[in-house]
Structure formats: C-alpha cells, structure tokens
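Step one of this worksheet: look at the structure below.
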Amino acid sequence: KIIGARYYVKGFQNAYGPVNATEDYLSPRDIDGHGTHTASTAAGRQVYDVAAFGGFAKGTASGGAPLARLAIYKACWAIPNQPKADGNTCFDEDMLAALDDAIADGVHILSVSIGTAKPLPFEHDVIGLAALEAAKRNILVVCSAGNSGPAPGTLSNPAPWIITVGASSLDRAFFATVKLGNGLKLIGQSVTPYKMKKMSPLVYAGDVVVPGVPQNVTGQCLPGSLDPNKVKGKIVVCTRGAGLRVGKGLEVKRAGGVGFVLANAKANGNEIACDAHLLPATALTYDSGIKILEYINSTKNPMAVVSPGRTVLKYKPAPFMAGFTSRGPNVVDPNILKPDITAPGLNILAAWSEASSPSKLPEDKRSVKYNIYSGTSMSCPHVSGAAALLKAIHPDWSIAAIKSALMT
C-alpha cells in the first residue's frame with residue numbers, strides 16, 4: 001500500500017530549530033492523525049468491522065481507490081508549544097521540496113489537504129506553482145478549498161489547473177438528544193458515548209463566568225473562563241465562536257460540569273461537526289440553541305439530561321454545504337469559478353494515528369485507530385480517490401478530461 005515515504009523539515013527547522021521529539025517525529029510518521037485520515041480516505045484498503053471511538057459509524061471502511069498505492073510526503077509539522085488541536089504549520093520551502101520530489105517520483109495524482117490563511121496571487125502561491133509544473137506533466141493535483149467559510153472570497157488554492165474541493169455532508173447523522181425539564185426534547189448530534197444518569201441543573205456559560213471575561217465571549221467557554229463554584233454538578237450551554245469545540249467541553253469538565261451542550265452561532269446554521277468530547281455532550285443547530293437559552297431564561301430551576309449519541313443512516317437533507325467550507329468568488333481571478341467541486345467533508349470516518357487522541361488535546365489520553373473528523377481536508381481525498389479510479393479505467397485521459405468528467 002505505502003510504497004514510499006519522505007519528510008521535509010529544513011524550512012521548519014530554519015524557523016524553529018530542531019523538532020521536539022515529544023511533539024513530532026523526525027520522520028514521515030504521523031503523530032497528529034490528519035495525514036493518516038486523508039491518506040486512508042483517498043486510497044485505504046477495505047477494512048471490515050471498524051468504528052470510531054464509542055462504536056460510531058460502525059461498518060466497512062474503504063478508501064476511494066482501495067487498490068491504489070500511496071507515496072507519502074510529510075511537509076507539515078507540529079507548532080512548538082501548542083496543542084495538536086491548534087493545527088500544524090507547513091513552510092513554503094518544505095511543501096515545494098515535497099511536491100518537487102513527488103513530481104520527480106512519477107506519482108499520478110497529488111492529493112494536497114492544505115490551505116492558506118487567505119487567497120494568494122498565483123505568483124506567490126507555492127502549491128499553485130508546483131501544481132502548474134505537475135499539470136505540465138499530466139499529473140493531477142487535488143486541493144482543499146479551505147475552512148474559512150461562510151464568508152465570501154475566502155477560498156484557498158484558486159489556480160485553474162488545480163481541482164479545488166469544497167466540503168458537504170453525508171446522509172449519516174449521530175443523534176444525541178438533550179431533554180429539558182419542561183419535557184421538550186432537542187435533537188442534537190454527538191459522537192460522545194458517555195451517559196448521564198439523571199437530570200441535572202442547566203446553566204448558560206455567560207451566567208457562570210469568572211469576573212473579567214470580555215462581554216463578547218462570555219458564553220464561549222474559553223479556557224479558564226468558567227467559575228467552578230457556579231458550574232460544579234451542572235450542564236453548561238456554550239456557544240460556538242472563538243476557541244476549539246473540544247476545548248470548550250474540556251473547560252466545562254475542568255470547572256466541575258457534568259455535561260455540555262454546544263450551541264451553534266448564527267454563521268454555523270444547521271451544520272454540526274461532531275466531536276468525541278471528554279464528558280456527556282451534544283451539539284445543537286442555531287435554532288435549537290435559541291430554544292435551550294429561552295428555556296433557561298423561562299424558569300428559576302432549569303434542568304436537563306443529555307443522552308449519548310447514536311448513528312443514524314439515510315438522514316435528510318443530504319448533501320448540504322458545510323458552513324465552514326471556504327466560499328468563492330475567486331478573488332485572485334474572478335473569471336475562474338471556484339471551488340470546482342464538492343465532496344463529503346463533514347463528520348468523516350477514516351483511519352487515525354494511535355499517537356494522537358480523538359480530540360488531539362494534550363489532556364485527552366484516549367487512543368483510537370479510526371476517528372471522525374471534519375474539514376475540506378477530508379473532502380479533498382474523496383475526489384483524489386475518485387480521480388484515481390478514473391485514471392485506472394482511462395489511463396490515456398488528460399488531467400483536464402478527468403477534471404471535466406468529475407465536475408460534470
């Protein structure tokens with residue numbers, strides 16, 4: 001399956017010094033999970049009877065092109081003194097060296113689940129420049145559109161010779177209900193298996209913060225923001241916005257909370273990215289989040305209980321566009337429509353590095369072989385796998401023909 005693996009670290013070391021062995025491997029091995037997840041989505045073999053932590057999405061896992069071979073080029077590294085959950089850093093010179101070698105090695109398809117913080121002009125876009133050299137050799141390059149949505153004009157990898165992939169949903173959900181003291185049941189989603197035994201007091205995070213938390217983030221359960229004297233033994237409703245989703249649950253647990261409800265901000269709408277939280281938890285759409293806050297404000301003693309998640313198939317509507325997926329228009333060249341295509345990128349099950357935890361938080365000591373993860377990083381290898389199948393059936397096709405066939 002894996003027929004070659006290289007790593008590229010000179011750019012990183014020039015900026016940060018030697019790689020810290022506790023934070024990353026000075027080798028092509030994956031200590032993070034992201035690379036394993038994307039590689040297995042593109043070309044992982046069929047594996048029977050697998051599931052995420054807690055038994056979610058149980059079934060047969062398969063990459064898009066299970067008979068294809070993989071060559072790995074590691075150019076991204078753990079950011080020193082930061083949790084893995086905050087992401088990696090990829091230096092231009094390391095990515096350029098990796099892409100240069102991949103082209104020289106004769107790969108047929110380059111799957112690049114890397115985006116930029118903002119759209120770059122073509123002449124400054126390292127991935128785009130390398131992709132142009134690949135395209136000249138009839139090597140197809142598939143890239144993520146980025147996770148900066150839903151704001152317009154935010155997409156990464158806008159070059160016309162790249163297949164730029166947005167993220168959409170599957171017809172699979174993970175229902176986890178929060179039942180309120182007035183009998184109302186709000187159906188959320190979660191891949192957290194922990195059970196609550198009884199109804200517990202329910203509070204809004206903005207009402208239980210320590211003094212000095214800025215008014216605009218009081219409800220967001222940022223690290224160190226909750227008052228243990230007001231949180232102990234309670235379920236806390238946190239809102240999305242700043243900070244990591246899993247980090248918000250960790251803050252609730254630190255403050256002594258027994259459960260956690262994550263309510264979408266208006267920008268997130270109905271998109272729910274599921275996480276393996278560290279305590280009983282569910283995530284709600286924006287509309288359901290408003291309802292739970294209205295309930296808290298309507299009674300002196302709000303109560304609730306959170307049920308563990310369960311896998312539900314044939315969920316509708318599907319597919320819908322994920323709120324996080326970066327949007328057009330293509331601000332580098334408005335004449336070129338981007339993204340080119342969308343593929344599943346919300347709550348995707350794929351292989352995971354056992355050197356990482358499902359949440360990637362340093363406090364999380366759990367270890368898994370498979371994990372559910374979201375992003376245009378997950379949608380990109382779906383298209384890479386499909387392209388590999390087309391390449392196998394039509395070895396004489398140009399990359400433009402493969403791109404056209406996939407888009408139409």
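Dividing the mean sequence gap of close Cα pairs (under 8 Å, 6+ apart) by how many residues the range 94-185 holds gives a relative contact order of 27 percent. Sequence-distant contacts, meaning Cα pairs under 8 Å at least 6 residues apart, place the relative contact order of the range 159-278 at 22 percent. The residues packed around Glu93, meaning those with a beta-carbon under 15 Å from its beta-carbon, carry a net charge of -2 if Lys and Arg are +1 and Asp and Glu are -1. Within the chain, antiparallel bridges make up roughly 50 percent of the DSSP beta bridges whose residues both belong there. Its Kirkwood hydrodynamic radius, worked out from the mean inverse distance over all distinct Cα pairs, puts the range 234-375 at 17.2 Å.
Its Cα centre serving as origin, the chain has a Cβ charge dipole (Lys and Arg +1, Asp and Glu -1) of approximately 1800 debye. Between Leu184 and Asp105, the FRET efficiency from the beta-carbon distance, with R0 = 45 Å, is close to 0.20.
Using θ = phi - 60° in the Karplus curve 6.51 cos²θ - 1.76 cosθ + 1.60, the 3J(HN,Hα) couplings for the range 131-145 round to 5, 5, 5, 5, 4, 4, 9, 6, 9, 7, 10, 10, 9, 6, 7 Hz; x is entered for Gly and Pro.
Heavy-atom surface analysis with a 1.4 Å probe gives the range 308-400 a carbon and sulfur content of 61 percent of its accessible area. Between Asn14 and Ala355, the FRET efficiency from the beta-carbon distance, with R0 = 22 Å, is close to 0.30. With a Förster radius of 56 Å applied to the beta-carbon distance between Arg254 and Ala405, the computed FRET efficiency rounds to 0.65.
Per residue of the chain, the DSSP helices (runs of n ≥ 4 H) give a summed -39500 (n - 2.57) that works out to -7000 deg cm²/dmol at 222 nm. Taking the Cβ of Ala263 as the centre, find all other residues whose Cβ is under 12 Å away and add up their charges (Lys, Arg: +1; Asp, Glu: -1). Spelling it out: positives minus negatives among the neighbours equals +3. Across the range 286-366, the fraction of Cα-Cα pairs farther apart than 21 Å, rounded to a whole number, is 65%.
Most tightly packed first, judged by the mean number of other beta-carbon atoms within 10 Å of their residues, the peptides 102-111, 309-318 read 102-111, 309-318.
When the chain is fully extended, how far beyond the present Cα-Cα distance does Tyr315 get from Ala265, taking 0.36 nm per residue of separation? Before the final figure, lay out the partial values.
Working: separation 50, 0.36 × 50 = 18.00 nm, distance 2.24 nm.
Additional length available on full extension: 15.8 nm.
Estimated translational diffusion coefficient (Stokes-Einstein, Kirkwood radius over Cα pairs, 10 °C, 1.306 mPa s) of the range 209-281: 130 µm² per second.
Around the Cα centre of the range 253-408, unit charges on the Cβ atoms of Lys, Arg, Asp and Glu (plus for the first two, minus for the last two) sum to a dipole of about 380 debye. Based on every Cα atom in the chain, Rg and the maximum pairwise Cα distance Dmax equal 21.8, 71 Å. Computed over the range 254-395, relative contact order equals 20 percent, with contacts defined as Cα pairs under 8 Å that lie 6+ residues apart. Highest-first packing order for the peptide set 290-301, 48-59 is 48-59, 290-301, based on the mean count of other beta carbon atoms within 10 Å.
When the charge dipole of the chain is built from unit charges on Cβ atoms (+1 for Lys and Arg, -1 for Asp and Glu) and taken about the Cα centre, the candidate among Gly233, Gly115, Gly11 whose Cα reaches farthest toward its positive end is Gly233.
Taking Cα centre as origin and charging only the Cβ of basic (Lys, Arg, +1) and acidic (Asp, Glu, -1) residues, the dipole magnitude of the range 173-312 rounds to 440 debye. Taking θ as phi - 60° and the Karplus parameters 6.51, -1.76 and 1.60, the scalar couplings of the range 51-59 work out to 7, 6, 3, x, x, 6, 6, 5, x Hz in sequence order, x denoting glycine and proline. Check which residues have an amide H placed less than 5 Å from Val141's amide H, if you skip close sequence neighbours. Amide H neighbours of Val141: Leu110, Ile163.
Over every Cα atom in the range 173-312, the radius of gyration and the widest Cα-Cα span, Dmax, amount to 13.2, 42 Å.
Semi-axes of the equivalent ellipsoid for the range 154-218, computed as √(5λ) from the eigenvalues of its C-alpha gyration tensor and ordered from largest down, come to 37, 24, 10 Å.
Computed over protein heavy atoms with a 1.4 Å probe, the accessible surface of the chain works out to 45 Å² per residue. Semi-axes of the equivalent ellipsoid of the range 310-354 are 29, 16, 8 Å, computed as sqrt(5λ) over the eigenvalues of the C-alpha gyration tensor in descending order. Taking max minus min of the alpha-carbon positions on each principal axis, the range 105-244 gives extents of 63, 38, 28 Å, largest first. Principal semi-axes of the equivalent ellipsoid, √(5λ) from the alpha carbon gyration tensor of the range 7-162, are 25, 21, 18 Å from largest down.
The values are calculated or read from the model by the stated rules, or taken from the named source; none is laboratory data. What you are looking at is a predicted structure, and each value in this text was computed from that prediction instead of being measured. Every residue, glycine as well, gets a Cβ built from its backbone with ideal geometry; the counts of neighbours run over all protein chains shown. Side chains are part of the model used for accessible areas, which takes the heavy atoms of the whole protein and leaves out ligands, DNA and RNA. Shrake-Rupley method; radii C 1.70, N 1.55, O 1.52, S 1.80 Å.
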